[in-house]
Amino acid sequence: MKYLHLIWAALFRRKTRTILTLVSIIAAFLLFGMLDAVRTSFDQAGKSANGAERLQTGSKLSFIQTLPSSLELPIGKVPGVKEVAYANWFGGAYQDPHNQIFSFAVSPNYIDLFPEIEVGADQRKAFDSTRTGVLVGEQLAQKYHWKVGDKLPLQSTIFPTHDGTKNWSFDIVGIMHPKDKNSGGMFNQLILLHWKYFDESTPYNRGSVGWYVSRVTDVNQADRVAKAIDAISANSDHETRTQTEQAAAANWIKQLADIGLIVGSIMGAVFFTLMLLSGNTMMQAVRERTSELAVLKTIGFSSRSVLCMVLAESVLLLLIGGVLGLGIATVLIPVVSAHSGGLSLPSPGMSNWVLGIGLMVLIGLVVGVLPALRAMRLNIVDALAGR
């Protein structure tokens, strides 16, 4: 610590270069904090359902595997289940096959399980009584200038009609307005159509459903309810997995991609680039101070002391930038989580900070070892002579 003033002065000898390097380090550890929160969120998803108001039941095998509609009645009889609804993926595209819109074929009571969504009483009545009626999200209606009473042509990317085409026609009978932009944000980009009309109009569904949604009476018993629902189909050819909506979304994404591998690959590339950048900064800093380091040796500083000072300078550079970056991530994550439409990101805890600081120290030592060894082996006469 007695040499801290020398290390600090050396670190900010070239303020512009040091500040630009710090900005890069801050960005790297900000990204580390955010991505690690995403990874942790996926790892924690599904560990416990307690606290969830709704549970989603899908196939244990794959999210594309359907379930028999006959499960609705036994699921509804499970103690702790207040109401059951079901839905199917429709896969609609508007105007262009590549312009896909989230669209579900749902049971008549599906919207009742989502109190965060508001539909006018007249529009809800029209939806219940119109076989080809659909409810569209508020943002979708604004984006495409849809209004109640319009005909809506959709092309299903999966299901054909009985005449062999994938062209479907619906009537817009209502607009869905999320009461809570965070929890109900998904419905802004969603189209809901009648499951019965869907099931009768395509030869490929045959009475099956994609998933069930159950509303529980006691959120503290959700874990027990989930296990009881899965016990209904245990050892059958349609075993189920019941979990929270967040866990279901996480597992759906996991079947499409390895989140841990993606996060690890991104961070590996970021930290490799950071090592090159900060290593170049330290090499230039030591090269510019060759004569100053020689003077330190001349007045009595040992080679080991010079080595430790350069290493300390490198580690300090990484610690300042890294702590700032991880601190910003700690502040931003709750804000991002609150406006993510239901995705819950955990703030960096003690283990994340320990890992982050460990990476800062490790990278600081790695990028500082070569310039530190050069400074330690510096020949005083050659350095003062400018050779």
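Read the figures in this text as sums done on the coordinates, not as results from a lab. Note that this is a predicted model, so its numbers are computed, not measured. Cβ coordinates were reconstructed from backbone atoms using ideal geometry, including for glycine residues, and neighbour counts include every protein chain displayed.
Between Gly133 and residues 5 or more places away or on another chain, which pairs have amide H atoms under 5 Å apart, with H built 1.01 Å from N, and which residues are they?
Excluding prolines and chain starts, which carry no amide H, the hits are Asp171.
May I ask you to derive the FRET efficiency for Lys82 and Leu276 from their Cβ-Cβ distance with R0 = 45 Å, giving the value to the nearest 0.05? Intermediate results must be reported in sequence, preceding the final value.
On the way: r = 57 Å, r/R0 = 1.28.
According to the calculation, E is roughly 0.20.
Taking amide hydrogens as modeled 1.01 Å from N in the peptide plane, which residues meet the under 5 Å criterion relative to Arg289, leaving out close sequence neighbours?
So Arg289 has HN proximity to no qualifying residue.
Given contacts defined as C-alpha pairs under 8 Å and at least six residues apart, what's the relative contact order of the chain, whole-number percent?
Numbers: 631 pairs, mean separation 105.3, N = 387.
Value for the chain: 27 percent.
If packing is taken as the average count of other Cβ atoms within 10 Å, what order do 79-91, 26-38, 114-126 fall into, highest mean first?
Per-residue Cβ counts within 10 Å, averaged per peptide and sorted highest first, yield 26-38, 79-91, 114-126.
Calculated FRET efficiency, Lys143 and Asp122, Cβ-Cβ r, R0 22 Å, to nearest 0.05?
Here the calculated transfer efficiency is 0.40.
Placing one identical point scatterer on every Cα of the chain and ignoring solvent, what is log10 I(q)/I(0) from the Debye formula at q = 0.08, 0.12, 0.13 Å⁻¹?
-0.60, -0.94, -1.04
Be a star and scan segment 69-95 for residues whose amide nitrogen sits under 18 Å from the point 7 Å along the Cα-to-Cβ vector of Lys227.
Inside the label zone: 78-81.
Helix by helix through the chain, keep the DSSP H runs that span 18 Å or more along the axis on Cα and average at least -0.5 on Kyte-Doolittle, and give those back in order.
Within the chain the helices that satisfy the rule are 15-44, 259-288, 303-338, 350-376.
Taking Rh as the Kirkwood radius computed over C-alpha pairs, what is the Stokes-Einstein D of segment 1-141 at 4 °C in a medium of viscosity 1.567 mPa s, expressed in µm² per second?
61
Just subtract the alpha-carbon distance of Ser305 and Leu355 from 0.36 nm times their residue separation and send over the number in nm, one decimal.
Taking Ser305 through Leu355 to full extension adds about 15.2 nm, to one decimal.
So what does log10 I(q)/I(0) come out to for segment 120-215 at q = 0.10, 0.15, 0.21, 0.25 Å⁻¹, using the Debye formula with one equal point on every Cα and no solvent?
Debye intensities relative to I(0), on a log10 scale: -0.29, -0.66, -1.18, -1.36.
For segment 171-230, how big is the tail of P(r) above 16 Å, as a whole percent of Cα pairs?
So the portion of pairs separated by more than 16 Å is 67 percent.
Take the cross-link list Lys60/Lys196; Lys166/Lys196; Lys60/Lys179 and give me the ones stretching past 27 Å between alpha-carbons.
Those over the limit are Lys60/Lys179.
Using 0.36 nm per residue, how much length does the chain from Ser236 to Ser265 gain when fully extended, once their Cα-Cα distance is taken away?
Details: separation 29, 0.36 × 29 = 10.44 nm, distance 3.89 nm.
Fully extending the segment from Ser236 to Ser265 adds 6.5 nm.
Among Gly356, Met309, Gly91, which residue has its Cα furthest toward the positive end of the charge dipole of the chain, with +1 on Lys/Arg Cβ and -1 on Asp/Glu Cβ?
Most positive-ward Cα: Met309.
For segment 297-339 and segment 96-138, what is the separation of their Cα centres, given in Å?
53
Setting aside same-chain residues fewer than 8 positions from Lys297, which aspartates and glutamates have a Cα under 19 Å from its Cα?
Excluding near neighbours in sequence, the set is Glu288, Glu313, Asp382.
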